[in-house]
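Comments concern the structure below.
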Amino acid sequence: MGRTDPQRHDTATEEVVYLDHADGPLLARLHLPQGPGPFPLLAEVHGGAWCRGDRHDEERLNQALAQRGIAVAALDFRMPPRAGYPASLADIHFGLRWLKQQAARWHCLPRIGLMGLSSGAHQAVLAAMRPHDARYAALPLSGADAGVACVVACWPVIDPLGRYRYALQWQASDRPRPEAIDRVIPDHLKYWGSEDAMAEGSPLRALQRGEAAALPPLLALQGDQDLVHPRAHLEAFAAAYRQAGGALDLRWFEGEAEGFVNKKPEAPSTARAIDAIARFVHGQIGTAR
């Protein structure tokens, strides 16, 4: 059982294999509010510049949401060196379809949302915008589609090519820079392989190209002192998403840098961010609060 709070739900955690590849299984870690439900369900995609991390990374955030009556399924997915783009999108796409089919098992509503952090937020947005992409739907599972009711994007790498070039320019300068700037450059190349792939898989550039896209309601959160995820990229994406007809709520958190929800769990801004996510998800999917 998770932590008990008189104002919150008790929670339980379980792990299941959601996809079994020939080279090994992929697991989903379920954070489940206890009660009759039905509860909203979020698939969660961890960060790590597409190359690092696993389903345990956002444990604190996912537990906090479960205590607020939202079931969260944290997905593992293939990463380099096992596989690069678009393999992780195929895994996430399959995971969304699988979770819809399994939702009743955990007293959840069949309409699900998608949440990601950093590179995970990039993948969440891209998967949501392209639910019918044949490459992403390559793993067969009949009976459900990959469309989502909403997306939560926490400090997304919303333009991989733009962020890659931004990091290269900063590395080439004499200015002090966050350690992450040096680390993400090789990760971009490991996952994407080329700048052309980075451009093709950029949610911002897809909208700017006029690509047809699904546009579920989207909540984006980022610290206004985040130097790893350029503010201009997210503002441009928000404008393009709204221009295309999507509803997007963009929240800036004053004085906060990248990853503040994980790095500063007791900060008031973190509590506000978690509450904003919970209100958004309950409002978009439904509630058994």
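Counting just the residues of the stretch 206-225 that are in contact with an Asp or Glu (Cβ under 7 Å, 6 or more places away or on another chain) and surrounded by fewer than 20 Cβ atoms within 10 Å (Cβ to Cβ), which one comes out nearest to residue 154 (Cα to Cα)?
Looking at the filtered set, the residue picked out is 224.
Exactly one of (1) among the hydrophobic types (A, V, I, L, M, F, W, C); (2) part of a strand (DSSP E or B); (3) touching a residue at least 60 places away in the same chain (Cβ under 8 Å) is unmet by residue 250. Its number?
Going through the list (1) among the hydrophobic types (A, V, I, L, M, F, W, C); (2) part of a strand (DSSP E or B); (3) touching a residue at least 60 places away in the same chain (Cβ under 8 Å), residue 250 breaks only (3).
Filter the stretch 107-142 for residues that are in contact (Cβ under 8 Å) with a residue 40 or more places away in the chain and polar (S, T, N, Q); which is farthest from residue 206 (Cα to Cα)?
Across the stretch 107-142, the extreme among qualifying residues is 118.
Given (1) of a type outside the set (Phe, Trp, Tyr); (2) at positive phi; (3) in a helix (DSSP H, G or I), identify the lone condition not met by residue 233.
The number of the failed condition is (2).
Residue 222 is checked against (1) under 16 Å from the mean Cα position of the chain (by Cα); (2) in a helix (DSSP H, G or I); (3) not basic (Lys, Arg) and fails just one. What number does that condition carry?
Only one criterion is unmet by residue 222, namely (2).
So that you can scan it fast, the table gives a plain yes or no per residue for (1) touching a Leu at 6+ places or on another chain (Cβ under 9 Å); (2) closer than 17 Å to residue 45 by Cα; (3) of a type outside the set (S, T, N, Q); (4) modelled with pLDDT of 95 or more:
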{"residue": "147", "(1), (2), (3), (4)": "yes, yes, yes, yes"}
{"residue": "156", "(1), (2), (3), (4)": "yes, yes, yes, yes"}
{"residue": "175", "(1), (2), (3), (4)": "no, no, yes, no"}
{"residue": "199", "(1), (2), (3), (4)": "yes, no, yes, yes"}
{"residue": "202", "(1), (2), (3), (4)": "yes, yes, no, yes"}
{"residue": "219", "(1), (2), (3), (4)": "yes, yes, yes, yes"}
{"residue": "236", "(1), (2), (3), (4)": "yes, no, yes, yes"}
{"residue": "247", "(1), (2), (3), (4)": "yes, no, yes, yes"}
{"residue": "258", "(1), (2), (3), (4)": "yes, yes, yes, no"}
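Among the residues of the stretch 215-241, write down those that are in contact (Cβ under 8 Å) with a residue 12 or more places away in the chain and among the small types (Gly, Ala, Ser).
220, 223, 236, 238, 240
When you scan the stretch 7-25, do you find a residue that is within 13 Å of the chain's Cα centre (by Cα), surrounded by fewer than 20 Cβ atoms within 10 Å (Cβ to Cβ), among the acidic types (Asp, Glu) and over 16 Å from residue 274 (Cα atoms), even just one?
no
For residue 141, only one of the following conditions fails: (1) aliphatic (A, V, I, L, M); (2) surrounded by fewer than 24 Cβ atoms within 10 Å (Cβ to Cβ); (3) at pLDDT 95 or above; (4) assigned to a loop (DSSP other than H, G, I, E, B). What is its number?
Condition (3) is where residue 141 drops out.
Output the residues belonging to the stretch 161-182 that are under 20 Å from the mean Cα position of the chain (by Cα) and touching a residue at least 60 places away in the same chain (Cβ under 8 Å).
162, 163, 180
Out of the stretch 243-263, which residues are over 17 Å from the mean Cα position of the chain (by Cα) and surrounded by 15 or more Cβ atoms within 10 Å (Cβ to Cβ)?
If the condition is that a residue be over 17 Å from the mean Cα position of the chain (by Cα) and surrounded by 15 or more Cβ atoms within 10 Å (Cβ to Cβ), then 244, 246, 252, 253, 256, 257 are the ones that fit.
Output the number of the condition that residue 87 fails; it satisfies all remaining conditions of (1) more than 30 Å from residue 270 (Cβ to Cβ); (2) touching a residue at least 24 places away in the same chain (Cβ under 8 Å).
Evaluating residue 87 over (1) more than 30 Å from residue 270 (Cβ to Cβ); (2) touching a residue at least 24 places away in the same chain (Cβ under 8 Å) leaves (2) as the failure.
Sort out which residues of the stretch 191-219 are part of a loop (DSSP other than H, G, I, E, B) and either polar (S, T, N, Q) or in contact with a strand residue (DSSP E or B) (Cβ under 9 Å, 6 or more places away or on another chain) (or both), and write them in order of number.
194, 202, 215, 216, 217
The values are calculated or read from the model by the stated rules, or taken from the named source; none is laboratory data. Model, not experiment: these values are computed from the prediction. When we count neighbours, we look across all protein chains shown, and the Cβ atoms used for this are built from the backbone with ideal geometry, even at glycine.
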